[in-house]
Structure formats: C-alpha cells, structure tokens
Amino acid sequence: MIRVESPTLPRRIPDGSILAVPVATPEIATLLPSLAGCISETGNPASHAAALLREWRVPSLFGVGGALRVLEGEEVIGLDATHRRVYRGSPWP
C-alpha cells in the first residue's frame, strides 16, 4: 500500500500497489496500469476518477474518512471493495 498525503500523485508506483489518497482525481489515470486498488478519504463512486477506476476494474473505496491516519505507509493490506472492508495483511493466500 502506498500512502499519498499531498495532492500530487507519484509519477510511478510498483505494480500491484493499493493507493491511499486524500481524494482520487482524474490524474490517477497515469497510474491505472499499475494499480491493484484505491482508497480515497473523500469523493464518491460517481466521480470522474471513480469512472476511470471502474473502467480499468480497479477495486476502490471512496469516502473512507481517516484512512490516511490509520493506514501505515508501505503496509501490506487487503481491499474488499464489494464489502467495503480493508484488512491489515493479506486476507487471501
């Protein structure tokens, strides 16, 4: 998991990364080929960024207030977007 606290996204991320951001913006499009998931503290599933993430089939959660406060940078997490759950460690083998 990569935690981004500033509005500026990194230029590159490792393949299979889950990104935790204050707000998902359309600029996330440059990272889509590498993303395995996205957690956004604000925003909603009807946003432009959400549409891009859905189009690339990237599991995403929006409106997860306090996510950046709770999640540690470079921590291994699991993301179950269907049930709106984030797990410490990987819940899947």
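Things worth noting here:
- Placing +1 on the Cβ of every Lys and Arg and -1 on the Cβ of every Asp and Glu, with nothing else charged, gives the chain a dipole about its Cα centre of roughly 140 debye.
- Between the amide H of Leu19 and those of Ile2, Ala36, Gly37, Cys38, Ile39, distances stay under 5 Å, these residues lying 5 or more places away or on another chain, with hydrogens modeled in the peptide plane.
- Glu75/Ala29 FRET efficiency (R0 41 Å; Cβ-Cβ; nearest 0.05): 0.95
- Cα gyration tensor shape for the stretch 4-87, rounded if a/c is under 1.5, else prolate or oblate: rounded
- Dipole magnitude for the stretch 34-77: computed about the Cα centre from +1 point charges on Lys and Arg Cβ and -1 point charges on Asp and Glu Cβ, it is near 220 debye.
- Extension gain for the segment Glu55 to Arg85, taken as residue separation times 0.36 nm less the Cα-Cα distance, is 8.7 nm to one decimal.
- The stretch 4-61: relative contact order as a whole-number percent, Cα under 8 Å and 6+ apart: 33 percent
- Anisotropy class of the stretch 5-44 from Cα gyration tensor, a/c 1.5 cut: prolate
- Helical runs (DSSP H, four residues minimum) scored at -39500 (n - 2.57) apiece and divided by the length of the chain put the mean residue ellipticity at 222 nm at -3000 deg cm²/dmol.
Values quoted throughout were computed directly from the atomic coordinates according to the rules given, and no laboratory measurement underlies them. Everything numeric here is computed off the predicted structure, so don't read it as measured data. Heads up, the Cβs are rebuilt from the backbone with ideal geometry, glycines too, and the neighbour counts pull from every protein chain shown.
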